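The block underneath contains the structure these notes are about, expressed in structure tokens.
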Amino acid sequence: MKVALFVPCYVDQFYPQVAIATLELLEKLGVDVAYPESQTCCGQPMANSGFEHLTHGCNDNFVKNFSGYDYIVCPSGSCTLHVKDHLHATDEKAAASIRSKVYELVEFLTDILKVEELTSSFQYKVGLHQSCHGQRGLKISQMSELVSAPFSKTEKLLHMVKGLELIKLSRTDECCGFGGTFCVAEEAVSVKMGIDRVADHVAHGATYITGNDMSCLMHLEGILRRQQSPVKVIHIAEILNAAQ
Amino acid sequence: MEQKIYDHAVLADKFNKDASRVDWHDKTLWFIREKRDKAAWQIAEWEELRETASQVKNNVLDNLHDYLLEFEKQAQQNGVTVHWAANAEEHNRIVHAIIKEHGVSDIVKSKSMLTEECHLNEYLQQQGITVVDTDLGERIVQLAGEPPSHIVLPCIHWKKEEIGELFHQHLGTPKGNADPQFLTAAAREHLRQRFMTSRVAITGVNFAVAETGEVVVCTNEGNADLGVQLAEVHIACMGIEKIIPQRKHLGIFLRLLARSATGQPVTTYSSHFRKPRPGQAMHIVLVDNGRSERLQQESFRNALKCIRCGACMNTCPVYRRSGGHSYQYAIAGPIGSILAPGLDMKQHADLPFASTLCGSCSNVCPVKINIHEQLYEWRQVLVKSGHVSPVKKAGISGMAAVLERPGIYKFSGAVGRWFMKYIPVLVNNKLNPWYKQREMPAVPRQSFNEWYRQNRKQNGKQS
């Protein structure tokens, strides 16, 4: 099985430790991981702003980098969903193939690798922020709006981590307000949404807030740090990779 | 329509100046969302019900022409006069002509989002007709001189103390009395006089049954019934998408509507108006106002399935924290944001961007409208049609130019991080909206790409 690591651009630039943790975790689990070095971005920042027609160059570059692998794995539900739903390129056949092979890290671990146990340990109270695109888009967990049986691929993995205590939240899957360019275009609402999310985690005793998307966590981290809160954010790859 | 001065973000920013009020607004609507969840969970086949409703509505949209003609025929056989209005102006003129024909200057109206969409009240007032909205929430905003901020809960942005003050000014209730029961009684007293004297009653329509030619109006206050029963003339105004094929389909929609809207099992009154009683005249005005055009747009047509329950507003984290008036359209929130640009792209170009695309709206929608996907599609259409600021266009074009060239991306990333690290004031300043209330991420020593080249490539691991 040949797996390509797809690193979101902002993770590459600002949170390299998340990509390192993803790489190490996959390798620990015996996966042969390649990192296509000329990758840049999935094109979502342009497309969500209404400029999908300007993503051709970005998409062609994506296809060039990620063709020929069995799976493409990404530590972000949002970027994964964008590729799955919107990747079109000059080589449309290759693009279609990639759309069907791209996986968010958690779903790759539970659905493809079928991970049932982990050796990681993380002795903290953790709040899980369910990022919308992973949850509602990729269906990583049951959604509070739907009358359907509960499940959560993310929680399943977190329960395998030794010492980790998952806290309950008042609102299990409310959006944090990041929303791509929304976070600056609608600054007031974005921040208020973030403040409210953070407050829910803090009120329930979280030491760390984790999630599948560093973009949401970057937004929550920005608020926590401005509040000089001791609560920290950590990507789920870092927890799952945390050594015993 | 007047060109609006502020966009959603500006009004939302204003709304957020009072954080405790935002909290109150958010919690009030979230409470209703939770009531909706509880009501939905009591129906084991809830998701199946949504799917069925969606398919019935799809069928209606596919065969709208035939259903409308069937409805018209049945209604006419029932003794109802049916009018067709191509747009809002025509609708308003038709309604005015009926009122004029009966020589009436004061009328009552129960809740109708269509008449809000057509700005009927303003039009009639210009013609010297006094309209009294008889839905309590609508009466409150009418007294305040405001449009509704929510389609089901028109005055959800008002606190009871403020309503007490408003009633003190307009209805003469004692100053400082904010007891909801007392204020409701005062409103009843006030409205009762209007009901008794009004010879024309306008209602909206929740469902129009093609098979029987009847219209169904759902209220919790019985105000539509009272208005119609006491008036000589009943005018029912409806968008052409309100059709359902048969009476039996009400068994699907009435179960979904109230549960989705307020978490009630059913609205207090689901009133069927089929034919005028002896001596009464009944008119139905069928309004297009852009709906036929929408029907032809594959990406946007299924927004016409909407049954106006307001569930998408109650669940929307942006709506709850920006208030209905920030949308500046009769129908606020997620559904309004995909309907409004269809009527006037330039005027409502801001609305599809007033969303994080979280998708909660699509999940609560009882007729399964893919609201968040349509928001994304509208963004593409708006930008392609030129409804975008030059600054944004330049910014995104620049971003695209960098991200499609790996070399430039790596170089700009390294340069950007260097500046952020050594001259942080370049980003940590007032001009950066991120920094206003949030810290920027700490700058790492190297990017992942740099780390990989340094730590992995020499080990012979190449991509």
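Every number in this text was worked out from the coordinates using simple rules, so none of it is lab data. No experiment lies behind these values; they were computed from the predicted model shown. Virtual Cβ from ideal backbone geometry, glycine too; neighbours counted across all protein chains shown.
Miscellaneous remarks
- Entries of A:LYS114/A:LYS162; B:LYS57/B:LYS384; A:LYS84/A:LYS139 with Cα pairs more than 21 Å apart: B:LYS57/B:LYS384
- Over chain A: helical MRE at 222 nm, DSSP H runs n ≥ 4 each giving -39500 (n - 2.57), nearest 500: -11500 deg cm²/dmol
- Across segment B:182-192, coupling constants 3J(HN,Hα) worked out from phi with the 6.51/-1.76/1.60 Karplus curve, θ = phi - 60°, read 5, 5, 5, 4, 5, 5, 4, 4, 5, 6, 4 Hz, and Gly and Pro carry x.
- Peptide-level mean, for A:219-227, of C-beta atoms on other protein chains within 10 Å: 4
- A dipole drawn for the protein assembly as shown from +1 and -1 charges on Cβ atoms has a positive end, and of B:ILE129, B:HIS102, A:PHE14 the residue lying farthest that way is A:PHE14.
- The Cβ shell under 12 Å around A:LYS156 holds other residues with a net charge of -3, Lys and Arg each +1, Asp and Glu each -1.
- Taking 0.36 nm per residue of sequence separation and removing the Cα-Cα distance, the B:GLN169/B:GLN229 pair yields an extension gain of 18.6 nm.
- Protection proxy ranking of A:16-22, B:316-322, B:162-168, B:386-392, by the mean of other Cβ atoms within 10 Å over each peptide's residues and highest first, is B:316-322, A:16-22, B:162-168, B:386-392.
- Nitroxide proxy distance, nm - points 7 Å out along Cα→Cβ at A:LYS64 and B:ASP106: 7.6 nm
- Cα gyration tensor shape of segment B:43-289, rounded if a/c is under 1.5, else prolate or oblate by comparing a/b with b/c: oblate
- Proximal aspartates and glutamates to A:LYS168, defined as alpha-carbon separation beneath 12 angstrom and excluding residues fewer than eight positions away on the same chain: A:GLU155, A:ASP200
- Ranked B:GLU189, A:GLU52, criterion: other C-beta atoms within 10 Å, fewest first: B:GLU189, A:GLU52
- For peptide A:171-178, the mean count of partner chain Cβ atoms within 10 Å of a residue's Cβ comes to 4.
- Once the Cα atoms are used to define both axes, helix B:64-77 deviates from the longest principal axis of chain B by about 20 degrees.
- Tensor-based shape of segment B:396-459 (alpha-carbon gyration tensor, a/c under 1.5 rounded, otherwise prolate or oblate): oblate
- Listing A:CYS79, A:CYS176 from fewest to most neighbouring C-beta atoms within 10 Å gives A:CYS79, A:CYS176.
- Listed by Cβ neighbour count within 10 Å, with the fewest neighbours leading, A:SER170, B:SER149 appear as A:SER170, B:SER149.
- Taking a straight Cα-Cα cut-off under 17 Å and skipping sequence neighbours fewer than 8 places away in the same chain, the aspartates and glutamates within cross-link reach of B:LYS100 are B:GLU89, B:GLU90, B:GLU122, B:GLU232.
- Rounded, prolate or oblate (a/c below 1.5 giving rounded, otherwise prolate when a/b exceeds b/c) for segment B:213-319 by Cα gyration tensor: oblate
- Long pairs among A:LYS192/B:LYS160; A:LYS232/B:LYS436; A:LYS93/B:LYS392; A:LYS232/B:LYS421, criterion Cα-Cα beyond 27 Å: A:LYS93/B:LYS392
- In degrees, nearest ten, helix B:250-261 long axis to first principal axis of chain B (Cα): 60 degrees
- What you get for segment A:107-174, charging only the Cβ of Lys and Arg (+1) and of Asp and Glu (-1), is a dipole of about 80 debye around the Cα centre.
- Charge tally for B:SER54 (other residues, Cβ to Cβ under 10 Å; Lys, Arg +1; Asp, Glu -1): +3.
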